[in-house]
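Data block below; observations after.
The values are calculated or read from the model by the stated rules, or taken from the named source; none is laboratory data. From a predicted model like this one, the values you see are computed outputs, not experimental measurements. Using ideal geometry, Cβ is built from the backbone for each residue, glycine included, and neighbour counts are taken over all protein chains shown. For accessibility, only protein heavy atoms count, side chains too; no ligands or nucleic acids. Shrake-Rupley method; radii C 1.70, N 1.55, O 1.52, S 1.80 Å.
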Amino acid sequence: ELNFSPHHPLEPPSATLRTPIYHPSVDLEGRVCQPLTTHVHWEPTTRAVQVLQDLLLQLDSPDPQRVLRPDVARELQERPEEFRRRAEEHTRLHAELRPD
């Protein structure tokens with residue numbers, strides 16, 4: 001979910017994942033560590049599609065500099081097989097089937 005402030009594009013949107021995800025850059029409330037959408041890095045010319053592309057890249061390739069859950073990041077680095085197993089189990093428990 002992308003939420004846009006009434007002051008957009010001068011203020012960045014915020015991304016929240018509504019489906020729980022086991023990921024070092026996503027906290028238990030679904031907030032995402034996405035520097036692109038912080039006031040420090042935000043540019044009013046940034047488009048929503050760029051925010052989504054950055055989010056997808058972050059989800060596909062976790063960045064050790066973008067961490068909200070240090071325990072999960074440590075597990076990913078030190079025990080990647082365990083991380084993948086837990087992530088797959090989390091997905092089975094929480095993900096919704098995609099429509100055909």
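Descriptive notes on the structure:
- The set of residues in region 65-100 being in contact (Cβ under 8 Å) with a residue 24 or more places away in the chain, surrounded by 10 or more Cβ atoms within 10 Å (Cβ to Cβ) and not in a helix (DSSP H, G or I) consists of ARG66, VAL67, LEU68, ARG69, ALA95.
- If you go through region 1-15 and keep only what is open to solvent by 70 Å² or more (accessible area, probe 1.4 Å) and either touching a residue at least 12 places away in the same chain (Cβ under 8 Å) or aromatic (Phe, Trp, Tyr) (or both), you end up with GLU1, PHE4, LEU10.
- Residues within region 34-64 that are outside any helix (DSSP H, G or I), of a type outside the set (Gly, Ala, Ser) and either under 17 Å from GLU88 (Cα atoms) or open to solvent by less than 30 Å² (accessible area, probe 1.4 Å) (or both), tallied: 4
- Residue check for ARG18: free of Cβ contacts under 8 Å to residues at least 24 places away in the same chain and not acidic (Asp, Glu): yes
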